[in-house]
Each structure stands twice: as structure tokens, then as C-alpha cells.
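Below is one structure, written out as C-alpha cells; comments come after it.
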Amino acid sequence: MSPLRPLAALAGLLIVAGAAAAQGPTDHLLVNVVGTGGVAPDVVHFDETGAVVGSTPTGSGVDLTAAAFTPDGGFVATATNPRRVVRYSAAGVQVGSFPTPELRQDALDVDVLESGVIAVTDGFVHYYDAAGTFLFTDTQYSGLVYRVKVDPFGGHWVIMQGGGFSVFIARVDGLGGPPTQGFWIPFGFDVAPAPDGTLWVPVLPVGTLERFTRDGTSLGSILASTAAITAAAATTDGDVWVATLGEDRVDRFDASGANTGWVTVDLGTAGMVMDLDVGRPAHIGVSLCSASPNSAGVGARVRVTGSPSPAENELILDVTGLPPGSAGYFLMSDATGQVPVGQGVLCLASPVARFSLSVLTSSPGGWSQFRPDLANLPLGIVILPGSTWHFQMWYRDANPGAVSNLSEAVSVTFL
């Protein structure tokens, strides 16, 4: 791939290519470009069309090493002079900061968990609350922890350097503590958790992105470039953003490896993109009851995003943790209960509407997505503003013979 001719410059750092692809209804992209010294004064925020929303001011004298979105649409970045976390608005205006004296060296990565807790890596993982108060340092890992990435379904993933080029990719449910999932691979520089429950990891040979299940099973790979990949970030609709060494742009690929668009960056004489983050919509549902364990692990979780307005008809139900290739469909009710069904517990009560005409089949990574038509619901249901409805997926499982199971149930209050 060759750099595109710039169309427009912003602060001498980032430019937008006319071929930039829409990221989706809610995705925004955050790009951090570093220079030869390992730091840079600029982070730039793109919206879903590829247009620049804002940028940290060039020439401010602040050296930044990593950046991540916050739940309010702004972002944070780790700074080196002195070491601290700097808060920015979506437009790139500094709105605050707090010191990080716990770090032994400059930060390698940062991400913001769904709770608002900020995780910063420097070999260890340091946790700070949303106000910037230091919580504790997780020293459980025997190797250098250099990446931390939020899991779309709760918790977060870290990458730890092992012997030689090998790395351990581990998932942590809460703040610190033993990993709940993890696997070793020969090489990996970054990890991009996707909404289908899979993980994109840059691996050897250079320019290759390999897709893994959460237990480390390879699902295949795509060749994104002939150069080394420096950062990756998955979108909410299954694509993945990729930055490669020496390329003046960040490219977007679908799961088949097709290039679906890009934004361009001005790297100067020797810069590189070292960090990417995708802003995701906040959850609009709350858990009604937990999932029962299934043949794939701890059970199927449901994440609700989109809009709680029936008029907008944009409710999105994502399920992860399903057995691969499992068929099932969603149930809906405004009443709750606790009834054992198959391997699970039905948390809804009569009358229960079944979306049996919309049978879903989970991906190899155990993911399904359902977008109910709120204007054409089963049983003639009409959702009124202020009402609360509950959703749960009923699906096929094995123990070891054919049985059924149920996901966790979630409640949505509509506007």
C-alpha cells in the first residue's frame, strides 16, 4: 500500500482520506502517532465517517505514549513529562490530569474499563478510579505486561511477554486476580477483542492478523500488509482497524481480509502509529439474572446497545460465550420468573414472546447478534415509553448429548 496524497492537513499531523469508510453508527477511532523518541504530542479523534473530530494541540510540549476513549466520549492519554494521565474532551481540549508516581517507567498502554476505572501498563498493571485515585498495582504476572484492552463483554485482556518471542494473552474479569482465560502463542504485539467474542492478534509473518477464539483456537488469518503491524482495534460490526510500520494511513478490513476503507496519517520523517482505540456505545441494559454454565464455559452473556427508543428501532442484542454453531432464538417478556429449563434457568414469566422466526446460529467464536423489529413484535406487543422489558436467548447445548440452555437475561427500560 502506498500513502495517499493528502487532501487536508490538521495541525501538521493527521489528514482524512476521501476513501475513509464509515465505522458504524457509534464507532469512533482514536489514533496515537509516535516519533523516533517513542512519544508524540498528538492524538487525533475520528468520527464514524472518517472526519476529524479533534486533536490534542501540536506544540504543547506534552509527550503522550498511549490513549483510550472514556465512556463520556472524551479520551485519556498517558504523558511522560512528568508521568501522568491527561484527560481530554472529544475535541482534544485538556480538561484535567492526575499523577501516576506508581509507574516505574513510561506507560506502555492505557485503557478505560466499563466501570470507568483506568488501567495503565508499564510491565505491571496499575489501576486508578475514574477520579484518578490510585487503587492498586497487579503484580501477579511473571513477565512484562505491555498491552491492556477492554473486552466488549466485561473484563479486559492483557498481553504478557514470555520467553523469546512467545506471549501470554490473558483475560481478567475484575481488577487484578488470576486470569479467567488465557493462552500462549509464539508472537503477538497487540490484541483487539471483537464483539463476536474472538480476538484479532498481529502475528508472524509480518503483516498478518490471526483470529483466535477466547481459548486460543485459531480461526484463520488475513494478510493486512507486507509491513509489520504496530496496532489493531476491532469495530462493533466485526471489522478491524490496522496500522502498519511506515504506512501513512490506518486501514480497515473485514473478516475476509477485504480492505473496506482507511484514514490517512502524516507520520513525518520517522513516526509510526503505536496505539488505536475504538469507542463503543454504552450498555443500555442491566442484567436480570446470570447465565448458567454451558459446554463452552461459564455461560452466554448478553450485551445491549443501540437505542432504547422504540421509534428509532435500533436495539442491538449481542451474545457471547455460546457453543460454536449453536442455534437459538430470543425470548421477551415484561414479567420475571425463575424456572429451570434444560441446562439453564428461564428468568422470564408468562406471557413470553418467542422470536422463533428469527433463529440465530453462533459464530465459531460463540457469538450471535439480534436486532428485533420493535415495530413488529410477536404476540402483537407494543412497547410504551417508560416500560421495562426483559430479553433472554434460548439455545442448543450439549451435556454431552443434545440439551438446551439459556443465556443471562437483561432488562431494558424504553424511552
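From LEU276, LEU288, grab the single residue that is modelled with pLDDT of 90 or more and buried (at least 22 other Cβ atoms within 10 Å of the Cβ). Of LEU276, LEU288, the one residue that is modelled with pLDDT of 90 or more and buried (at least 22 other Cβ atoms within 10 Å of the Cβ) is LEU276.
Quick grid of which residues meet (1) open to solvent by less than 60 Å² (accessible area, probe 1.4 Å); (2) under 16 Å from the mean Cα position of the chain (by Cα); (3) at pLDDT below 95:
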| position | (1), (2), (3) |
| --- | --- |
| ARG104 | no, no, yes |
| LEU108 | no, no, yes |
| TYR128 | yes, no, no |
| THR139 | no, no, yes |
| SER166 | yes, no, yes |
| ALA170 | yes, yes, yes |
| ILE185 | yes, no, yes |
| PRO195 | yes, yes, yes |
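Residue by residue through region 240-285, note down the ones that are within 30 Å of ALA409 (Cβ to Cβ) and either in contact (Cβ under 8 Å) with a residue 60 or more places away in the chain or in contact with a Pro (Cβ under 6 Å, 6 or more places away or on another chain) (or both). VAL278, GLY279, ARG280, PRO281, ALA282, HIS283, ILE284, GLY285 - these are the residues of region 240-285 that are within 30 Å of ALA409 (Cβ to Cβ) and either in contact (Cβ under 8 Å) with a residue 60 or more places away in the chain or in contact with a Pro (Cβ under 6 Å, 6 or more places away or on another chain) (or both). Just one of (1) touching a Lys or Arg at 6+ places or on another chain (Cβ under 7 Å); (2) open to solvent by 30 Å² or more (accessible area, probe 1.4 Å) trips up ASP151, so point out which. Looking at each condition in turn, ASP151 falls short on (2). Of everything in region 132-187, what is part of a loop (DSSP other than H, G, I, E, B) and either basic (Lys, Arg) or under 22 Å from VAL206 (Cβ atoms) (or both)? Give them in sequence order. Within region 132-187, LEU144, GLY162, GLY163, GLY164, PHE165, SER166, PRO186, PHE187 meet the criteria. Between ALA232, ALA258, ALA224, ALA270, the distinction of being crowded, with 23+ Cβ neighbours inside 10 Å and either modelled with pLDDT under 90 or under 24 Å from SER368 (Cα atoms) (or both) belongs to ALA232 only. Scanning region 86-118 for residues that are outside any loop (DSSP other than H, G, I, E, B) and either free of Cβ contacts under 8 Å to residues at least 40 places away in the same chain or among the acidic types (Asp, Glu) (or both) gives VAL86, ARG87, GLN94, VAL95, GLY96, SER97, PHE98, PRO99, ASP109, ASP111.
Under 7 Å between Cβ atoms, at least 6 apart or on separate chains: pull out the pairs that start in region 204-219 with a residue that is surrounded by 18 or more Cβ atoms within 10 Å (Cβ to Cβ) and end on any residue that is among the basic types (Lys, Arg). Once the first residue is surrounded by 18 or more Cβ atoms within 10 Å (Cβ to Cβ) and sits in region 204-219, its partners that are among the basic types (Lys, Arg) give ARG214/ARG171.
The values are calculated or read from the model by the stated rules, or taken from the named source; none is laboratory data. It should be emphasised that the depicted structure is a prediction, and the values quoted were computed from it without experimental measurement. Because the Cβ atoms are built from the backbone with ideal geometry, glycine has one as well, and the counts that use them run over all protein chains shown. To get the accessible areas, we keep the full protein, side chains included, count just its heavy atoms, and leave off ligands, DNA and RNA. Shrake-Rupley method; radii C 1.70, N 1.55, O 1.52, S 1.80 Å.
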